[in-house]
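Worksheet: one structure, shown below.
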Amino acid sequence: MVLFKVLFSILLALELFSLPNRVLGQPNPNGKRIIVIDPGHGGKDPGAVGVNGILEKDVVLKIAKQTAELNETVFKNQYEIYLTRYKDTLISLGDRTKLAKSLNADIFISLHCNHFDSPNARGIEVYVSNSIGMYWKHSILTGYEIEKALVNNIGLESRGVKFANFQVLRETVDCFPAVLLEFGFLSNLDEANYYSVDKNLKVIALLLLNELTKISNYE
């Protein structure tokens with residue numbers, strides 16, 4: 001809770017006084033890096049339904065939009081950020097990866113929330129492709145650093161970096177670093193309630209951008 005308050009205070013200070021954030025890396029001398037954020041599900045596909053009634057499709061879209069907004073207001077357009085959907089529409093998985101490829105993305109991040117039969121399941125897990133491709137190691141690093149930031153700063157339980165054959169990962173493994181984030185379990189009342197608060201989603205978006213800034217400067 002203390003770390004959460006500190007992060008939110010930093011966010012407000014940056015917005016109100018335009019204070020520089022020293023943990024951020026320098027802009028890419030060859031131009032802005034392109035980040036494609038993929039809010040999962042949408043439209044007639046709600047994704048997971050929380051025990052408190054919230055929908056996965058809404059939670060991840062809010063996080064994605066906050067990330068794009070913070071890039072403009074706090075990070076001074078350091079990146080070019082594109083979303084695979086900007087409203088409550090269903091986009092095919094193939095079209096999501098095609099968009100990222102057409103934009104020559106530097107990083108692709110698919111956002112999701114989890115669900116399980118047991119209400120005790122909790123925590124964040126990150127997936128990368130189970131096929132070894134050109135950007136496989138970078139994907140693992142990206143996933144690990146993002147998960148660590150969320151665990152350390154807002155107290156989410158770590159479920160580790162895992163490997164899967166999800167279509168959005170399979171189709172991008174040789175194109176750019178790609179990860180799929182499962183933020184938490186909407187079947188867990190505590191986590192569902194946490195993701196019901198817009199302020200919390202804004203902090204998650206801030207942490208995502210902060211980590212991407214550091215990761216994208218790794219060689």
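Let's see how each residue does on (1) under 20 Å from Y127 (Cα atoms); (2) in contact with a helix residue (DSSP H, G or I) (Cβ under 8 Å, 6 or more places away or on another chain):
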residue: F166; (1), (2): yes, no
residue: V173; (1), (2): yes, yes
residue: L180; (1), (2): yes, yes
residue: N193; (1), (2): no, no
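Restricting attention to the range 74-86, the residues that are part of a loop (DSSP other than H, G, I, E, B) and within 19 Å of T213 (Cβ to Cβ) add up to 5.
Given the options V59, V51, name the one that is hydrophobic (A, V, I, L, M, F, W, C), more than 16 Å from the chain's Cα centre (by Cα) and at pLDDT 95 or above.
V51
Residues that are of a type outside the set (D, E), without any contact (Cβ under 8 Å) to a residue 60 or more places away in the chain and surrounded by fewer than 20 Cβ atoms within 10 Å (Cβ to Cβ) number at least 3 in the following strands (runs of 3 or more DSSP E) confined to the range 87-198: 158-164.
Scanning the range 42-68 for residues that are assigned to a helix (DSSP H, G or I) and among the hydrophobic types (A, V, I, L, M, F, W, C), we see that the one that is nearest to D190 (Cα to Cα) is V59.
Checked against (1) among the aliphatic types (A, V, I, L, M); (2) without any contact (Cβ under 8 Å) to a residue 24 or more places away in the chain; (3) under 18 Å from V203 (Cα atoms), L55 meets all criteria but (3).
The values are calculated or read from the model by the stated rules, or taken from the named source; none is laboratory data. Worth saying up front: this structure is predicted, and the values here are computed from it rather than measured. Every residue, glycine among them, receives a Cβ derived from its backbone with ideal geometry; neighbour counts consider all protein chains shown.
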